[in-house]
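Written below as structure tokens is the structure these notes are about.
The values are calculated or read from the model by the stated rules, or taken from the named source; none is laboratory data. None of these values were measured; they are calculated from a predicted model. Note that each Cβ is placed from the backbone with ideal geometry, even for glycine, and that neighbours are counted across all protein chains shown.
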Amino acid sequence: MKKIFFFLPVLCALFLLASCSSEVPNNFTEVQRTPQIYPDYLGITIPPNIAPLTFRVLEDGEDYVTRYTYKGGELVVGGKDCIPSIDDWRAMLQAAKGSALQIDVFVKTVKGWVKYKSFEQMVAPEPIDEYLSYRLIAPSYVSYEHLTINQRNLTNFDETEIYNNMLLSTEENGQCINCHSYQNYSTKNMQFHARQTLGGTMIVVDGKPVKYDLKTDSTISGGVYPAWHPTQKLIAYSVNSTGQAFHTRSPEKIEVQDRASDLIVFDIERDMIIPVSTDPNQYEIFPSWSPDGNTLYFCSAYYDMSDTVGTHQGDRLQMDAYQKFKYDLWRIPYNPSTKTFGKKEKVIDAAAIGKSITLPRVSPDGKYLLFTMGDYGCFHIWHKSSDLYLLDLATGKFRKLENVNSPDVESYHTWSSNGRWIVFSSRREDGSYTRSYFAYFDKQHKAHRPFVLPQAYPEHNHDRYTSYNIPEFMKEPVTISPQQFASALKAEPIKAKYQSR
Amino acid sequence: MKSEKNKPKTYSELQKELQKKKEKRPSKKYSLALLRYLPLVWAVLFASIAYVGLAVDQREFLLRTQELSLFLPGRAFLHPFLAEPGLLLDYAGAWFTQFFYYPWLGAGMLVTLWLLLIAALQCAFRIHAKWGLCLLLAPVALMAIDTSVGYWIFHMKFQGYLFNATLGMLLAALSLCIYRYFPVRWRACWIAVWMIVGYPLAGFYALLSTGYMSLMAIKEERLWIQRIGQPIVALLFMALVPVFYYYIYTQTNYVFIYFAGLPTFMFPTREFSLWLPYGVMCFSMLPLALLSQSRASLKKEDDVSNKKVIRNLPIYLFIQVVLLGSLSYLAITNWFNDVNFRNELKMNRLAWDKNWDQIIEDAHTWDKEPTRLMVLFKNLALFKEGRAGDEMFRFLDGGAKENSFIDERMTQLGGKYMYLNYAKFNFCYRWCLEDAVEYGNKVEYLKYMSLCALYSGELKLATKYLHTLEKTRFHADWAREQLRFVRNPQLLKEDPDFQTIYPLYVYPDRLDGDQNLVEIYLLKFFNSTWTTVPLYQEMSLTCTLVMKDIPSFWPRFFEYCKSHSRVPVHYQEAAILYAYLEKHNPSILPIDEDVKNRFNEFQRTLSQNPGKTEEQLQPLFHSLFGDTFWYFYFFVRNVKSN
């Protein structure tokens, strides 16, 4: 009798498993449209080393089969949630490199099996960097609680924490963390900021974490938006006095504005801050180096601050003028051997066309510059008008990046180390929660339809209530443990010195 | 020669005599049998009182607790609970908390867990029935933990707070049970295994039970190697296991590793009374450990010292009644019973149920100064019923501070709902998200955020929140009801709730902030804006009255008169008063005779009491004119809003 109670659940489980087919039906009716799936992975180009792109079939039915057909083979997966095994998926992608996967979805309805119109996924020959790091943060306003900087292995679903702010936060003394950044895709040299409790900038040089205090009496703040020089132990930063205000009605909800911002460079070897651009009527922000390290790109907006600085009326006027802040694209030459800067020049006059540019990123081959452009302002993650644009550095012409943009926000982007992949942030799914999307940038310099970061199960993006903030590629994972970072953050910081011009 | 009387008795005769004596004492056997059931009697008595207290008296609190919690099936919800030791208790607590949707059910589950705890404690410590009352120490402390929460429920970072400590203590008691039944020579191994497995599960509670294991070893083990060895093993593992897990988990601050699973109140000194029940809880097993006996010893006591037990029973009971009386005093004094708190909870629920009449009816029964939130709920109900202009000053007014350790903010207590109903969707959304970030997602926040997204046309965002609510046990139907509107936005225009809110959504966008003051923001906003929409006009005029803003009143009043055939009483009262103050001719104003007469009476009463201060005049004017705008204008002052 006891044996029945033991085997019964086992039998039930087997029955359930058997009821999910993983055999392609022989008889079916064809439907002349592609199936609705979530995420939308139709017509995309994927790297040969990406984790399985799991998806859910949104069509109503009793049973589901998905068939991948590729050069020399076939992979069949059963279930409403199509979750191929990692080993099968990898083998398939390796075999299909440079060619297309044809995907057929079969759904069993009351009237029998139906087959939807096939769709394709191209497998690019070039791989993607294996790791991606991002901060997980709610699209919040002022408060914060749990913040983590995570790293995700893009070839599987492993996600681990680089640092968790709760290691040092208490109820009364919170710690904010942000702005993780790596030198040339390597995690041996990296940095991130910790704010408030035990605040400072954590800079890892040659694998050793050290805490710095980058705030000086001569700068507006400590370093904010970072950009590692590709070869030197040098980080460019904007220094900002930032405030935010809230829309009473617009779905764009939050407006982040700088009251002041300048550009500096931090020479790690000398603990020295060097000013780069400190015009009080210019709002310099988002530094970014060219791959050869000879040019520093940045954005800057002009606003006449006279008679308004520090006054309540001035703050209100500036806040009300938020749509007048238009950032142009600038660059300034840099001499690595003398560590000096030349004269800056405007690259794109965005204000003249009624637009605002942020986040310049030069491709690894130095030929193109990717940037975000919206109607105004600098915090484009909240602006639905912001899209990705591509500047040809040789011709000076720029265009909206085809196939990539959506009616909602596109922002924070970066190139993979081989220049073939772009990762960017988008809120196209629901208008509020940022997700990371990847787009292939082919040798003809065309962008392909993007796909969202694949997850172990398809509903993950619906279930997650945090945004993927600042996606950055890495070639290898960060190996310093969160506890080691916590220990380093408890130490007294090295105080940066200011070198006046 | 010896007589028959003095003849020594044989052994068998003595035995027969003894047997007869025993048979003559059935009442004493009967008493002993009763004694054995005493712990059960205490347990049932406690459970009954606790159940009624929770299910009936704390009904509104339990309902709101459930709204301020969330449980979802699936790995995404579970994952954060694996990030710290002891958080799995909260996961289980969240699962139980959802059943407070039916307070009688959730309360029943909680009380059942307390009964299981009593049974587990008896299994672990094996105390004699005469000490049965001591088994109630822990459950009474747990009840005090749950019933002393009050306003802290709005700041709780645990999803299942009301169950966490109970589940932790239950696990601790069960581990002690297992310890009790482990072979003596392997008990040190159990201590080690329990610490390694139990600490991630139960955090601090694993440490607590391990501490008691070492106490029991010292008290009960006969061999010195066990008596010393087990405590050494316990102390070693208690010290080292949390440190080990600090390097496994990435979310625990080192200073808290020995307190994992306990709440972190913000102000340790002010919140001493919240910590006190935890202290009692921790020490509640101490008397049990000291009174614990082996099975043999229990049997011996039952057989041999019947007479002694029965004779000393009154003393034992007296000691325990004193003990339990102290705990009951602790439970009762920590039974958060604030009237305004209860009113706020009830009004919040009634408002969600759209039972505006009941809110208004209840407001008439206030007999002490209400909080601003209560006043806002009352005004909202009147506004929804179209009676604000006629009745809003007929109630007790004021701004009593919430009975809380901290200065409570309306944004956390009920302000979000105000913003939602006055069409300030972005502000409602903001505070939901701020609180969701700090305290975790809750059913209440998700509901409000989904409505804000729905009403402001962000349908994809509304879908995200509604799909999440669809996965809950008790709110799925509500979510599906709203999803109809997402699929067919045209239906939303016919929704009665929407119809009373959307007309207020006619203001332009601008950058603004509320400085965390809901009422002040709403008052200033509606006081400074005006449209032709009738509902908006009502709102604007009532805010102008509350602000006592005469310049803003007049244009609104005249516009109102043009588009309405009837002018509510309070607007008339304001008009005649302001005309008097500004020395205008009131005859041109549309004022009813009743209002004119009453105002004349007001003036007469004032002139009959010359030279008196406001304080002296207040009782008289309250009794005669307490239901007028005039009383509000002159006597309701310096009310602070939060």
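Yes or no: A:I50 within 14 Å of chain B (Cβ to nearest Cβ), within 22 Å of A:V423 (Cβ to Cβ) and in contact (Cβ under 8 Å) with a residue 60 or more places away in the chain?
Working: within 14 Å of chain B (Cβ to nearest Cβ): no; within 22 Å of A:V423 (Cβ to Cβ): yes; in contact (Cβ under 8 Å) with a residue 60 or more places away in the chain: yes.
Judged against the criteria, A:I50 is not a match.
Considered as a group, the residues in segment A:443-501 that are β-branched (V, I, T) and within 30 Å of A:D262 (Cβ to Cβ) include one that is farthest from the other protein chains (Cβ to nearest Cβ), and that residue is A:I494. When you go through A:Q323, A:Q318 one by one, which is the residue that is at pLDDT below 95, within 26 Å of the chain's Cα centre (by Cα) and within 14 Å of chain B (Cβ to nearest Cβ)? Selected residue: A:Q323, the only one of A:Q323, A:Q318 that is at pLDDT below 95, within 26 Å of the chain's Cα centre (by Cα) and within 14 Å of chain B (Cβ to nearest Cβ). Of the candidates B:M216, B:M238, the single residue that is modelled with pLDDT of 95 or more, surrounded by 15 or more Cβ atoms within 10 Å (Cβ to Cβ) and assigned by TED's automatic domain parsing to the domain that holds B:F158 is B:M238. In this structure, B:D407 does not satisfy being among the acidic types (D, E) and not in a loop (DSSP other than H, G, I, E, B). Suppose the filter is over 23 Å from B:M410 (Cβ atoms), more than 8 Å from chain A (Cβ to nearest Cβ) and of a type in the set (S, T, N, Q); does B:T472 pass it? Spelling it out, B:T472 is indeed over 23 Å from B:M410 (Cβ atoms), more than 8 Å from chain A (Cβ to nearest Cβ) and of a type in the set (S, T, N, Q).
Within segment B:409-439, which residues are aromatic (F, W, Y) and within 14 Å of B:A351 (Cβ to Cβ)?
Within segment B:409-439, the subset aromatic (F, W, Y) is B:417, B:419, B:422, B:425, B:427, B:429, B:431, B:439.
Passing the criteria: B:Y417, B:Y419, B:Y422.
All conditions but one from (1) modelled with pLDDT under 95; (2) in contact with a strand residue (DSSP E or B) (Cβ under 7 Å, 6 or more places away or on another chain) apply to A:V142; the one that does not is (2).
Only residues that are in a loop (DSSP other than H, G, I, E, B), surrounded by fewer than 22 Cβ atoms within 10 Å (Cβ to Cβ) and in contact with a Ser or Thr (Cβ under 9 Å, 6 or more places away or on another chain) were counted across segment A:472-501, and they come to 9. Applying a threshold of 8 Å to beta carbon distances and a minimum spacing of six or more residues, or different chains, the list of pairs starting in segment B:386-401 at a residue that is in the same structural domain as B:Y560 (by TED's automatic domain parsing) and ending at one that is in a helix (DSSP H, G or I) and of a type in the set (S, T, Y) is empty. Among the residues of segment B:532-547, the one identified as over 27 Å from B:K640 (Cα atoms) and assigned to a helix (DSSP H, G or I) is B:P534.
Looking only at residues of segment A:152-180 that are away from chain B (no Cβ under 12 Å), assigned to a strand (DSSP E or B) and among the polar types (S, T, N, Q), we find that the one that is surrounded by the fewest Cβ atoms within 10 Å (Cβ to Cβ) is A:N153. For first residues located in segment A:196-216 and more than 21 Å from A:V265 (Cβ to Cβ), partners that are of a type in the set (D, E, K, R) and lie 6+ apart or on another chain with Cβ distances below 7 Å form the pairs A:L198/A:K490; A:G207/A:K188.
Scanning segment B:559-581 finds one or more residues that are within 25 Å of B:Y507 (Cβ to Cβ) and loosely packed, with under 15 Cβ neighbours inside 10 Å. When only residues in segment B:252-266 that are surrounded by fewer than 20 Cβ atoms within 10 Å (Cβ to Cβ) and more than 27 Å from B:E408 (Cβ to Cβ) count, which is farthest from the other protein chains (Cβ to nearest Cβ)? Taking the candidates together, the pick is B:Y258. Annotation note: of B:F405, B:F336, the sole residue that is within 14 Å of chain A (Cβ to nearest Cβ) and surrounded by fewer than 21 Cβ atoms within 10 Å (Cβ to Cβ) is B:F405.
Can you find a residue that is within 27 Å of A:A447 (Cβ to Cβ) and at pLDDT below 95 anywhere in segment A:108-121? Checked segment A:108-121: no residue is within 27 Å of A:A447 (Cβ to Cβ) and at pLDDT below 95.
When you go through B:A206, B:A192 one by one, which is the residue that is more than 16 Å from B:L117 (Cα to Cα) and among the small types (G, A, S)?
B:A192
Among all residues of segment B:68-89, there is at least one that is more than 14 Å from chain A (Cβ to nearest Cβ) and within 21 Å of B:A436 (Cβ to Cβ). Do we find that B:R484 is closer than 29 Å to A:P407 by Cα and surrounded by fewer than 17 Cβ atoms within 10 Å (Cβ to Cβ) in this structure? Against the criterion (closer than 29 Å to A:P407 by Cα and surrounded by fewer than 17 Cβ atoms within 10 Å (Cβ to Cβ)), B:R484 qualifies. Select from segment B:487-511 the residues that are farther than 15 Å from B:N421 by Cβ and crowded, with 16+ Cβ neighbours inside 10 Å and write down the one among them that is nearest to the other protein chains (Cβ to nearest Cβ). Checking each candidate, the answer is B:L511.
A quick yes/no check of all residues on (1) modelled with pLDDT of 95 or more; (2) in contact with a Pro (Cβ under 8 Å, 6 or more places away or on another chain); (3) within 21 Å of B:E519 (Cα to Cα):
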residue: B:Q537; (1), (2), (3): no, no, yes
residue: B:L545; (1), (2), (3): yes, no, yes
residue: B:P555; (1), (2), (3): no, no, no
residue: B:F558; (1), (2), (3): no, no, no
residue: B:C561; (1), (2), (3): no, yes, no
residue: B:R566; (1), (2), (3): no, no, no
residue: B:Q603; (1), (2), (3): no, no, no
residue: B:N609; (1), (2), (3): no, no, no
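In a residue-by-residue description of segment A:103-115, the property of being within 23 Å of A:W421 (Cβ to Cβ) and under 27 Å from the mean Cα position of the chain (by Cα) applies to no position.
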